[in-house]
Amino acid sequence: MTDLEIVQDCSADYTEQRKAAARIIFAKHYPTLHNKYFADMELIECYGGSDFSRIQTVKDKHVVAEWRLSPMPGCEAIMISSNVLVGFDCRKRGIGLLTTQMREEIAALAGYSMIMATTAAHNVIEGHILLTRNWQMMKEYGFYNYRNSHNVLVWTKELPNVQVNR
């Protein structure tokens, strides 16, 4: 089966669907990542696992960006985006915006209806990226995290139905 057939197969394991979706989206965006953002650097590698994904340089394994996409427990319609990181040397190049788009596309292709994330209220850069990508801040669900003393914002975005067989 091809990656697209795995993603479109309703009987396929959800973990395999997420892996296949990540491979498809990485292949789609690889030319942009390499030619636009990393023409001045060595080649990059993209890994799309069932939950964890990473973009890194080939030679020294320097992290360009990484994130985790996990299904919300008890609700197969919502994908949770977490542990988002853009490597320090790769910031202010548009990588955060591109990888946010990639996370949305992976979740949509894997058949999820919504993607959700939380950010610390003081993380204005990530908030700006999410707003730029038309995410909605759920003001009534902002809260104070007693564990790390941060105000936390909850963000969501409805995803298009791109599944052929769903």
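Extending 7 Å from the Cα toward the beta-carbon at both K92 and C75 defines two label points whose distance is 3.8 nm.
The lysines within cross-link reach of K61, meaning a Cα-to-Cα straight distance under 28 Å and a gap of 8 or more places when in the same chain, are K19, K28, K36, K92.
Compute the Cα gyration tensor for segment 56-166, then decide on rounded, prolate or oblate, letting a ≥ b ≥ c be the square roots of its eigenvalues: rounded whenever a/c is under 1.5, prolate when a/b is larger than b/c in the other cases, and oblate in all that remain.
Values: a/c = 1.73, a/b = 1.06, b/c = 1.62.
Taking the square roots of the gyration eigenvalues as a ≥ b ≥ c, segment 56-166 is oblate.
Summing Lys, Arg as +1 and Asp, Glu as -1, what charge do residues with Cβ under 15 Å from the Cβ of R103 carry, R103 excluded?
Values: positive: R18, K19, R23, K28, R54, R68, R133, K157; negative: D51, E66, E104, E105, E126, E158.
Surrounding charge for R103 is +2.
Where a number appears in this text, it was derived from the coordinates with a stated rule and is not lab data. Worth saying up front: this structure is predicted, and the values here are computed from it rather than measured. Counting neighbours? That spans all protein chains shown, and the Cβs are built from the backbone with ideal geometry, glycine included.
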